[in-house]
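Bear in mind that the values in this text are calculations on the coordinates, not laboratory data. Fair warning: this is a prediction, and the values are worked out from it, not measured in the lab. Here the Cβ is made from the backbone with ideal geometry for all residues, glycine too, and neighbour counts use every protein chain on show.
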Amino acid sequence: MNDKAEKLDIYTRLSHAGRAGTHVHGFVNPAVHRGSTVLYPDMKGRQTAGEKRLEQYMVYGTMGGPTHWALEDMIAEIEGGTHCQIVGNGLAACTMPLLAYLSSGDHILIPDSVYGPVRNFAQGMMVRLGITTTFYDPCITGEALALMFQANTKVLYVESPGSHTFEVQDVPALAKVAHARGAKVLMDNTWGIYHFQPFTHGVDVSIQALTKYVGGHSDLVLGSVTVNSEEDWEIVRSASMTLGHYASPDDCWLALRGARTMAVRMERQSKSSLEVAKWLAGRPEVKQVLHPALPGAPGHELWKRDFSGACSLFGVVFQPGFSKEAVYAMTNSLELFGIGASWGGFESLALPSAASISRSAGTGDFGGEMVRYHVGLEAPGDLIADLERGLKVLISNDIG
């Protein structure tokens, strides 16, 4: 990203990134380039392709094409990185760099609040590969984290805020500890998107599920892995090619289209989510709202220090007297909130999450049933009215 682009507002950058330019004759949007076979003009051209760096010359369809590169350029730019690798989904974006940086006999530190499928990967396939994992309290201090490092610790994994429970990590402090011990810092930055600039906070590899706000319409799955150094790019790119990761150019094109309006959607959704969160925080049925951008919520001060904004996903802990069955009945009664596991689209979602929380380091006990809410583009007043009706169902179904 050049100095001029860095000075432009995110709204402007999303409108212009990954395009040929406003003074280039032709269609505004890049075309969809599909293909597996790449033809060379002659053997000299084939030999040249073998000598050039992979990201600069397409030698086979799975190495990406112009549609992939346009999206990769955009994601790298909004995260402040230099290179990006697009993969087929968000989980692949998590697991591919883990395999890139870890070998048999290595050790990794992962927050106890991590996305469930990453925990499964660490406790399953990585065990079979001879890689050991220690899960740590996501709210740990740098001093305490330093005591958990082993001689073979190669990676510190962070996810901030955490899945379902939204713990905000002190990423700069933790990254400083990791780098002092020669470890790489990998971060799931899906919640932060462009509101958290990973490479200015000590992160080496930033992971995102582009399925969420970049796609924005709940109709595609994609993931991205972004780096800020040539060394890390060679590691990530080589691993992705070796493992055969590939994303559909059609999905990349849809993601490019979605990203054009992402900032506008997120501004509206972030504002609406805070309005809904504040209303829920004032309800007697609610014990705690887990929204980092909400004053007084856990992690708010770190969020205010490190983030420039927030997305529209947050959690709610209900008072301990309410049963799981009552929470399920409340969720079933909602008319404007769908019941779904993803987020970042235009529609609002509600998902009881207590049963989805797996912990092994003694964290995550919030003392009540929990629901994760994603606020879409509906009017916040209508969503609040829907939730108010739902809370009446919660009370009427409670048998505790």
Original post:
What is the gain in length, in nm to one decimal, between Met148 and Ser103 on full extension, counting 0.36 nm per residue of separation less the C-alpha to C-alpha distance?
Top reply: 14.3 nm
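Rounded to two decimals, what is the ratio between the C-alpha radius of gyration of the range 263-397 and 2.2 N^0.38 Å?
Numbers: Rg = 14.3 Å, N = 135, 2.2 N^0.38 = 14.2 Å.
Normalised Rg, Cα atoms only: 1.01.
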Original post:
If you average the sequence gap of Cα pairs under 8 Å that are 6 or more apart and divide by the length of the chain, what percent do you get for the contact order?
Top reply: 17
Original post:
Cα centroids of the range 223-302 and the range 314-328: how far apart, whole angstrom?
Top reply: 25
**OP:** Please order Ser15, Ser218 by the number of other Cβ within 10 Å, starting at the fewest.
**Re:** Ser15, Ser218
Original post:
Taking the chain as a Gaussian network, Cα atoms linked when under 10 Å apart, which of Gln269, Gln123, Gln208 shows the biggest mean-square fluctuation?
Top reply: Gln123
Subject >> From phi via Karplus (6.51, -1.76, 1.60), per-residue ³J(HN,Hα) for the range 231-239 in Hz, x at Gly/Pro >> reply: 4, 5, 5, 4, 5, 5, 4, 4, 5
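Ranking request for peptides 285-296, 238-249: highest mean number of other beta-carbon atoms within 10 Å first, then the rest in descending order.
Descending packing order for the listed peptides: 285-296, 238-249.
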Original post:
Which net charge results when you count Lys and Arg as +1 and Asp and Glu as -1 among the other residues whose beta-carbon is under 14 Å from that of Gly364?
Top reply: -3
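What do you get for Rg/Rh over the range 246-338 if you use C-alpha atoms and the Kirkwood form of Rh?
Reported Rg/Rh (Cα atoms, Kirkwood Rh): 1.08.
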Original post:
Over the chain, what lengths in whole Å, largest first, do the semi-axes of the equivalent ellipsoid take, defined as the square roots of 5 times the eigenvalues of the alpha-carbon gyration tensor?
Top reply: 37, 26, 18
Original post:
If the chain between Thr134 and Asn29 were fully stretched, how many nm would it gain, using 0.36 nm times the residue separation less the Cα-Cα distance?
Top reply: 33.2 nm
**OP:** Output the relative contact order of the range 263-397, whole-number percent, from Cα pairs under 8 angstrom with separation of 6+ residues.
**Re:** 29
Subject >> Residue-wise HN-Hα coupling along the range 273-286, computed from phi with Karplus coefficients 6.51, -1.76, 1.60 (Hz; x: Gly, Pro) >> reply: 5, 5, 5, 5, 5, 4, 5, 5, 4, x, 8, x, 6, 9
**OP:** May I have the extent of the alpha carbons of the range 177-303 along their three principal axes, as whole Å values ordered from largest to smallest?
**Re:** 54, 42, 22
Original post:
If r is the Cβ-Cβ distance from Ser308 to Thr37 and R0 is 41 Å, what FRET efficiency results, to the nearest 0.05?
Top reply: 0.40
Subject >> Relative packing of 93-105, 26-38, 135-147, which averages over residues the other C-beta atoms within 10 Å, highest first >> reply: 93-105, 135-147, 26-38
Original post:
How large is ³J(HN,Hα) for each residue in the range 130-145, as worked out from phi by the Karplus curve 6.51 cos²θ - 1.76 cosθ + 1.60 (θ = phi - 60°), to whole Hz, x for Gly and Pro?
Top reply: x, 9, 9, 10, 10, 8, 10, 4, x, 8, 5, 7, x, 4, 5, 5
Original post:
Under a Cβ-Cβ cut-off of 15 Å, what is the net charge of the residues other than Asn89 that fall near it, where Lys and Arg count +1 and Asp and Glu count -1?
Top reply: -3
